[in-house]
Amino acid sequence: LLCYNFATARVLRWSLAGTTIGWTYHYSNVTLNWSDARKWCQANFTDMVVIQSQRENDYVVSLLPNRTQSPYYWIGITKTHLSKTWTWIGNNSTWIGTRSWARNEPNNNRSNEFCVEIYVKSGPDRGKWNDEKCGVFPAAQCNASSCERGRCVETINHSACLCEPGFIGNRCQTAKECPPLSPPENGYLKCSEGSSKFNTTCQFKCHPGFLLTGSSAVTCSPSGVWSALRPVCATVKCPPLSLPDDGNVTCSDEGLIFNSTCRFKCSSGFLMTGSFAVTCGATGIWSGPRPICASTDVKTSIN
């Protein structure tokens, strides 16, 4: 609340003694409704403050502290009905400056807002007026529970939450979500939170016989986008097989992929040594070496 007090002083002006009448400004951090605030001013000083010019308004504001908690002070302007004119107590003046009210004020937002408070938090709204119900106790718009995952920013008669990265909502209560992920073909995934919310990490793995191409893990970023593209599970391939000398090979799949089987056959007059078939394994290695086709002709030397 803001009060003023009449004061008289003897001054020397142009070498002539005279008396001047002025006033001093006072404020209190006691939280009261408008009526009790006026009674407090009348009991301790003269009355609630009366402002008569923008210059005086700016001067009064310059005397006030920059308060972040409950940054409002009652001033001595009021009216008795919505259709009535705003009037200063004491002298019945109706002065209102062209830039006294805050943006979109007075708005009678909650009906019967017939008293006025001045806002003193630093920023563009410092020194602006807001209409308020006379029976309320000026209080901070922000408190410890205003924002769950963010910082509360207060302006005149309004507050808003500036959310931490990855959170949205009027109280920053909701984690952003990335688009749902599906497992890669021939693979599977497992997510840390069982969902696709901010900070969730999903791990990818491929089934046996398939090789992971791309990132094995992705994380949901603050912007709601996964940190990398979904990987691909590519079929494992074994290296090409060369034909055995004096033989041939036939494979079940020309791509020589996982589980492909290649069968060897020796030409007439040659005997196979080794396995007649090999299979492409899950790690891309054949199950055995290529066999050898040895000639069955036996040459006898005569001495």
For the stretch 247-295, state what percent of all Cα-Cα pairs lands in each successive 5 Å bin, counting from 0 Å until the bin that includes the largest distance.
5, 25, 27, 21, 13, 7, 2, 0
Across the stretch 65-71, in residue order, what do the Karplus-derived ³J(HN,Hα) couplings come to in whole Hz, using 6.51 cos²θ - 1.76 cosθ + 1.60 with θ = phi - 60° and x for Gly and Pro?
x, 7, 9, 9, 9, 6, x
Could you state the orientation-averaged shadow area of the convex hull built on the Cα atoms of the stretch 177-235, in nm² to one decimal?
3.4
Per residue, how much space in cubic angstrom lies within the convex hull of the C-alpha atoms of the stretch 97-195?
153
Tell me what the chain gives for mean residue ellipticity at 222 nm when only DSSP H runs of n ≥ 4 count, each as -39,500 (n - 2.57), the sum divided by the residue total, rounded to 500 deg cm²/dmol.
-2000 deg cm²/dmol
Can you give me the pair-distance distribution of the chain, C-alpha pairs, 20 Å bins, whole percents?
22, 25, 17, 13, 12, 8, 3, 0
Amide H contacts under 5 Å for Trp286, restricted to residues at least 5 apart in sequence or on another chain and with H modeled in the peptide plane, are Gly281
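So, R0 is 41 Å and r is the distance between the beta-carbons of Ala294 and Ser252; what FRET efficiency does that work out to, to 0.05? Show your work: numbers first, answer last.
On the way: r = 26 Å, r/R0 = 0.63.
Approximately 0.95, to the nearest 0.05.
Coordinate-derived values only; no laboratory data. Just so it is clear, the structure is predicted and the values come from calculations on it, not from any experiment. Every residue, glycine as well, gets a Cβ built from its backbone with ideal geometry; the counts of neighbours run over all protein chains shown.
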